[in-house]
Amino acid sequence: MAKAKKKKVSKAKKKTTSKKSSNEILVVNSKVRAYIKKKKMMTSSEFVPALSEVVHKEIDKAIERAKGNKRSTLRARDL
């Protein structure tokens with residue numbers, strides 16, 4: 001009698017949250033939420049990643065400005 005082959009069962013992949021970009025979060029979630037709470041407002045779960053995306057874009061603009069000025073150091077004036 002031939003042995004029946006066992007089917008390989010693959011594990012379900014973890015569902016990742018949909019993000020507009022794969023950039024790392026650059027802001028501290030707890031600090032942002034505490035500041036907003038202090039102002040008597042609430043935050044959605046989308047706010048901190050969106051804020052981080054804004055920070056990424058501003059840093060990218062600052063990098064381009066510094067490169068345009070032939071510098072490799074970002075300065076406050078690049079913002």
Check: Based on the Cβ-Cβ distance from residue 43 to residue 79, what FRET efficiency comes out when R0 is 22 Å, to the nearest 0.05?
Finding: 0.40
Note to self: Need one number: nm distance between label points at residue 23 and residue 67, each 7 Å from Cα along Cα→Cβ, rounded to one decimal.
What the structure shows: 1.5 nm
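Bear in mind these aren't lab numbers, they're just calculated from the coordinates by the rules spelled out. Computed from a predicted structure; not experimentally measured. All Cβ positions, even for glycine, are placed from backbone atoms using ideal geometry, and neighbour counts span all protein chains on display.
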